[in-house]
Amino acid sequence: MIDVDFNNIKLLSKKERYTTVLKQVDSLLEGENNVIANLSNIVSLLKNSFGYYLWVGYYLYDEEKNNLVLGPFQGSLACTRIETGKGVCGTSFQNKESIIVEDVTKFPGHIVCDSKSNSEIVVPILSGENALGVLDVDSADYSSFDEIDKIYLEELARKISNILS
Ligand code: SME
């Protein structure tokens, strides 16, 4: 089990934090293949490493219902299901592209789960041509997410895809 010093990680730059978190994710995944345990620990690690994360979790594709269903998350109660193509999550899933939203009120069709959320990033979890779901992060501040979040969260999404495949 890895020992994470969350006081120390808060002194690092955003890039350094993501690099550290990605290494910690590799250690977490070593020798453990339980999907729920691994997905849960990853979002806990993220939420505790980044002060500006208000909510972080997964929406995973449910083939039977043809929509996205809430997976493990950290934060307040959230919408259980999101239709593909709807909201930031459903749009990112459908287009298989990351979306950075600086102000959620400016994104047409944004789905409000927590009224404290003001900006958001959603990254698809891809497996070859298919999207398996998305990783969604909300912040209470405006414009919290940038290219650095995108690059590292996309790298993380590749690790998450391996967990789900
Ligand atoms: N805002 C998202 C819904 C999920 S919550 O933020 C947890 C969306 O528009 O898809």
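The values are calculated or read from the model by the stated rules, or taken from the named source; none is laboratory data. Just so it is clear, the model here is predicted, and its values are computed rather than measured. All Cβ positions, even for glycine, are placed from backbone atoms using ideal geometry, and neighbour counts span all protein chains on display. Side chains included, ligands, DNA and RNA excluded: accessible areas come from the protein's heavy atoms. Shrake-Rupley method; radii C 1.70, N 1.55, O 1.52, S 1.80 Å.
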Relative contact order of the chain, pairs being alpha-carbon contacts under 8 Å that are 6 or more residues apart, as % = 20
note = In terms of the charge dipole of the chain, which places +1 on Lys and Arg and -1 on Asp and Glu at the beta carbon, the residue among Ala157, Ile42, Phe145 farthest towards the positive end is Phe145
ask   = Over segment 103-165, what percent of the accessible surface lies on carbon and sulfur atoms, probe 1.4 Å?
value = 50
ask   = Say the dipole of segment 44-134 comes from +1 at the beta carbon of Lys and Arg and -1 at that of Asp and Glu; which of Gly109, Gly57, Gly75 then lies farthest toward its positive end?
value = Gly75
ask   = In whole percent, what relative contact order does segment 83-165 give with Cα contacts below 8 Å and a gap of six or more residues?
value = 28
query = Which of the aspartates and glutamates could be linked to Lys23 by a straight reach, that is with a Cα gap under 20 Å, when you skip same-chain ones fewer than 8 residues away?
reply = Asp3, Asp5, Glu32, Glu147, Asp149, Glu154, Glu155
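Go ahead and estimate [θ] at 222 nm for the chain from helices alone: -39,500 (n - 2.57) per DSSP H run with n ≥ 4, summed, over the residue count, rounded to 500.
Numbers: 5 runs with 62 residues, N = 165.
My calculation for the chain gives -12000 deg cm²/dmol from helical runs alone.
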query = Cα centroids of segment 1-61 and segment 72-129: how far apart, whole angstrom?
reply = 19
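So what is the accessible area of the chain per residue, in Å², with the probe set to 1.4 Å?
Details: 8500 Å² over 165 residues.
On a per-residue basis, 52 Å².
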task = Over the alpha-carbon set of the chain, work out the extent along each principal axis and list the three values in angstrom, largest first.
result = 39, 34, 27
task = Straight distance only, please: which lysines reach the Cα of Lys96 with their own Cα at less than 18 Å, same-chain residues fewer than 8 apart left out?
result = Lys86, Lys150, Lys159
inquiry  = Probe radius 1.4 Å, ligands and nucleic acids ignored: give me the carbon and sulfur share of the accessible area of segment 1-99 as a rounded percent.
reply    = 46
task = Can you tell me the dipole magnitude for the chain around its Cα centre, using point charges on the Cβ only (Lys, Arg +1; Asp, Glu -1), in Debye to the nearest 20?
result = 140
request  = Would you mind checking which residues have amide H under 5 Å from Asn118's amide H? H placed 1.01 Å from N; only 5 or more apart, or other chain.
outcome  = Ser139, Ala140, Asp141
message = Using DSSP H assignments, which helices in the chain have an axial alpha-carbon span of 20 Å or above and a mean Kyte-Doolittle hydropathy of -1.0 or higher?
response = 14-29, 35-49, 147-164
